[in-house]
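Each remark here refers to the structure printed beneath this line.
The values are calculated or read from the model by the stated rules, or taken from the named source; none is laboratory data. A quick note: this is a predicted structure, and the numbers were derived from the prediction, not measured. Glycine also receives a Cβ, built like all others from the backbone with ideal geometry; neighbour counts cover every protein chain displayed.
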Amino acid sequence: MSAQIRKLVVQVDETRREMGRDISPPTRRALAIAVIANPYAGRYADSLDELIAIGEELGGLLGARCVQALGIEPSAAQSYGKAAIVGEAGELEHAAAILHPKLGAPLRVAVEKGAALVPSAKKMGGVGTAIDVPLGHKDAAFVRSHFDAIEARVSDAPRADEIVVAVAVTDSGRPLPRIGGLQVHEIQGKDGLR
């Protein structure tokens, strides 16, 4: 792997009760985070190919870690999202290079299919900066019950020459969804929208 990973963090949150009501089965969201060295820290480069390749590596690694943490088959994954925080010696385009050109394809393999665009967020920040990883249904962007986000934060990252890369995967939508729209059982999964 070309990514120099200082730290991997994997967590699962499980909501069992909301507004005095039991959630059965509980809604579960997994988050996998890699803290990596930024090979372009402190310098401008016309080509960001090294970060693009790192994004491809991390899409598969972090997606698989999320599925494993949820204890599900890849086909049971329902939502996904991605985000990155670049330390101060980098630039926002470094996050874009990791997230956009190639991270999505191996993430889709990790969750089996993924017809919809992977929602994303990026920002610059210092040690302890948090970012909300947006979530959307992996096969149909119009499924409102799966519009969500999960906060990603590593207490000692990103350092100036690092990037925090986060991938989130869920096995369900929000707890107690009731705002209408396309339902999971109505998904066709052909165009990434419906």
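General observations
- Among (1) small (Gly, Ala, Ser); (2) surrounded by fewer than 20 Cβ atoms within 10 Å (Cβ to Cβ); (3) part of a loop (DSSP other than H, G, I, E, B) - the single one Ala53 does not satisfy: (3)
- Residue within the range 176-185 that is among the charged types (D, E, K, R) and in contact (Cβ under 8 Å) with a residue 24 or more places away in the chain present: no
- Enumerated strands (runs of 3 or more DSSP E) restricted to the range 61-163, each holding at least 1 residues that are of a type in the set (Ser, Thr, Tyr): 79-86, 120-124
- Within the range 89-98, the set of residues being touching a residue at least 60 places away in the same chain (Cβ under 8 Å) and touching a strand residue (DSSP E or B) at 6+ places or on another chain (Cβ under 7 Å) comprises Gly90, His94, Ala95, Ile98.
- Checked against the criteria, Ala34 does not count as modelled with pLDDT of 95 or more, closer than 20 Å to Ala140 by Cα, within 17 Å of the chain's Cα centre (by Cα) and not in a loop (DSSP other than H, G, I, E, B).
- Residue within the range 137-148 that is over 21 Å from Asp191 (Cα atoms) and either of a type in the set (Ser, Thr, Tyr) or surrounded by fewer than 19 Cβ atoms within 10 Å (Cβ to Cβ) (or both) present: no
- Any hit, the range 63-74, residues being among the polar types (S, T, N, Q) and crowded, with 24+ Cβ neighbours inside 10 Å: no
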